[in-house]
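Let me begin by presenting the structure, written as structure tokens, before commenting on it.
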């Protein structure tokens, strides 16, 4: 699998919180013409699939752990959390579209750092949002309280 773009700007360090106002640019790889992004600026949000490429593969977790090493939260499996040190080091974020200029898509709220490879960009469609009630454990709500 080859990246289709790279993240430029925003943060250079993977800090866990306050991503909501971070603006970055997704720069499309030269293999793709600008028209590959045509029409994305008609959407308010996009889903960005990217790689946590700066996570040391030796630190990847395949079992259970306490999220953020907080012992007050239960140890849960890596697939029950969104930690960056996961088996394929893949991240997924829905972020706001700020603007589009040629092969550059400006976004807000993308929790990927400068230089992160982007595997795919998809428009956010409300019809793909969950149908019905959403449930999540209290620890997840507490963890996300300052994330955005």
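The values are calculated or read from the model by the stated rules, or taken from the named source; none is laboratory data. This one's a predicted model, so the numbers in the text were calculated from it and none came from an experiment. Methodologically, a virtual Cβ is constructed for each residue, glycine included, from the backbone with ideal geometry; neighbour enumeration extends over all protein chains shown.
Screening residue 62 with (1) surrounded by fewer than 14 Cβ atoms within 10 Å (Cβ to Cβ); (2) outside any loop (DSSP other than H, G, I, E, B) gives one miss only, at (2).
Looking at this structure, is residue 59 closer than 24 Å to residue 13 by Cα and either touching a strand residue (DSSP E or B) at 6+ places or on another chain (Cβ under 8 Å) or at pLDDT 95 or above (or both)? Here the answer is no, as residue 59 does not meet what is asked.
Does segment 48-56 contain any residue that is surrounded by 14 or more Cβ atoms within 10 Å (Cβ to Cβ), within 26 Å of residue 146 (Cα to Cα) and touching a helix residue (DSSP H, G or I) at 6+ places or on another chain (Cβ under 6 Å)? No, segment 48-56 contains no residue that is surrounded by 14 or more Cβ atoms within 10 Å (Cβ to Cβ), within 26 Å of residue 146 (Cα to Cα) and touching a helix residue (DSSP H, G or I) at 6+ places or on another chain (Cβ under 6 Å). Residues that are part of a strand (DSSP E or B) and either within 13 Å of the chain's Cα centre (by Cα) or surrounded by 16 or more Cβ atoms within 10 Å (Cβ to Cβ) (or both) within segment 85-103 comprise 90, 91, 92, 93, 94, 95, 96, 97, 100, listed in sequence order.
Residues in segment 116-148 that are closer than 19 Å to residue 22 by Cβ and either without any contact (Cβ under 8 Å) to a residue 24 or more places away in the chain or surrounded by 12 or more Cβ atoms within 10 Å (Cβ to Cβ) (or both): 116, 117, 118, 121, 124, 143, 144, 145, 147, 148.
For the list (1) closer than 30 Å to residue 30 by Cβ; (2) modelled with pLDDT of 95 or more, I need the number of the one condition that residue 84 fails. For residue 84, the exception is condition (2).
From the list 27, 48, 12, the one residue that fits, being assigned to a strand (DSSP E or B) and either farther than 14 Å from residue 93 by Cβ or out of contact with any strand residue (DSSP E or B) (no Cβ under 9 Å at 6 or more places or on another chain) (or both), is 27. Looking at segment 99-115 only, could you name the residues that are more than 22 Å from residue 16 (Cα to Cα) and touching a residue at least 40 places away in the same chain (Cβ under 8 Å)? Listed by number, the residues that qualify are 99, 100, 102, 103, 104, 105. Annotation: of all residues in segment 21-43 being exposed (fewer than 11 other Cβ atoms within 10 Å of the Cβ) and modelled with pLDDT of 95 or more, the one that is farthest from residue 3 (Cα to Cα) is 42.
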